[in-house]
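Below: the structure, in structure tokens.
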Amino acid sequence: MAGAARVVLLGPPGAGKGTQAKLLQEEFGAVQISTGDILRRAVAEQTPLGKAAAEFINRGALVPDGLIVNLVAERLKEKDCEKGFILDGFPRTIPQAESLDEILNRMGLNLNSVLSVQVPQKIIVERLAGRRTCRKCGALCHVIFNPPKQTGVCDRCGGELYQRADDQELTIANRLQVYENQTAPLVDYYRQRGLLRAIDGVGEIAQIRARVIAALGALVP
Ligand code: AP5
Ligand code: MG
């Protein structure tokens, strides 16, 4: 377990965290933990967590820390995390980052690195407006930048591609504001701890993948 990747992907909505996390899973054999994906599944299945979270997600607000932290603490205890993990969309607030430190401390682990993926707002809006997600396998694509072979059908599994409810113009604006107010302070939090690496998130998906792997190369065994 000491040699495993333990990475946080930080960045605004649409920065490409999910896209890169999936590629990193393959590269490092680590598991992607996306709190957004976990919450959307809970909403679809109408679990108690899903019912509590839906209202926050739909208006682009953060779900309360208390709901998220326990969920991540439990997820990190699962066997597959021993191969390493890529946290995508967590932590999102300073209290979440402090809780993550405590959780990892208790487990005798630490983070290898925190990658801050940077993309200007204009590009973010284009990416989110055209994003499509597979209902079945969670694969991500984009109607212009990374189009599926057949409209509405996932290349990987043939599942139905859908547009996320929070990818509407007004909700996107709200999510960007929430990022600036509540999540951006984590850049300094991790810089002060010597963990932060900035990644230019503009360019082809493959180029950014290469930048991410180069940044992690020396840090992840
Ligand atoms: P979450 O699901 O985490 O959403 P997000 O942070 O807003 O980020 P996105 O998933 O929208 O963007 P991404 O960076 O993953 O980009 P992607 O790779 O898809 O959270 C959703 C909600 O859940 C939150 O608003 C909140 O309510 C709740 N939540 C989740 N975690 C929480 C937490 N910890 N605490 C509290 N609440 C929480 O890429 C976007 C698009 O661009 C895709 O179409 C992709 O194909 C395309 N693309 C990617 N890279 C490129 C590229 N290089 N060039 C061109 N196109 C690209
Ligand atoms: Mg995502």
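What follows draws every value from the coordinates through simple rules; no lab data is involved. Note that the structure is a prediction, hence the values are computed from the model and not measured. All Cβ positions, glycine included, derive from the backbone under ideal geometry; neighbour counts span all protein chains shown.
So here's what we get for this one:
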| quantity | calculated |
| --- | --- |
| Out-of-range pairs (alpha-carbon distance over 31 Å; input Lys51/Lys136; Lys51/Lys77; Lys77/Lys122; Lys51/Lys79; Lys77/Lys149) | Lys77/Lys122; Lys77/Lys149 |
| Distant alpha-carbon pairs in segment 25-78 (separation over 14 angstrom), percent | 57 |
| Gained length - Glu78 relative to Val187, 0.36 nm times residue gap less alpha-carbon distance | 36.5 nm |
| Equivalent-ellipsoid semi-axes of segment 79-157, from the Cα gyration tensor, Å, largest first | 32, 18, 10 |
| Whole-angstrom gap from segment 63-118 to segment 173-211, using each part's C-alpha centre | 16 |
| Loop-resident sites, segment 36-96, for GluC sites (Glu not before Pro), counting at most 10 other Cβ within 10 Å (DSSP) | Glu45 |
| Hydrodynamic radius of segment 74-122 per Kirkwood, over alpha carbon pairs, in Å | 12.4 |
| Gyration tensor (alpha-carbon) shape descriptor, segment 119-221, a/c threshold 1.5 | oblate |
| More than 23 Å apart - percent of Cα-Cα pairs taken over the chain | 45 |
| Gained length - Phe145 relative to Asn58, 0.36 nm times residue gap less alpha-carbon distance | 28.8 nm |
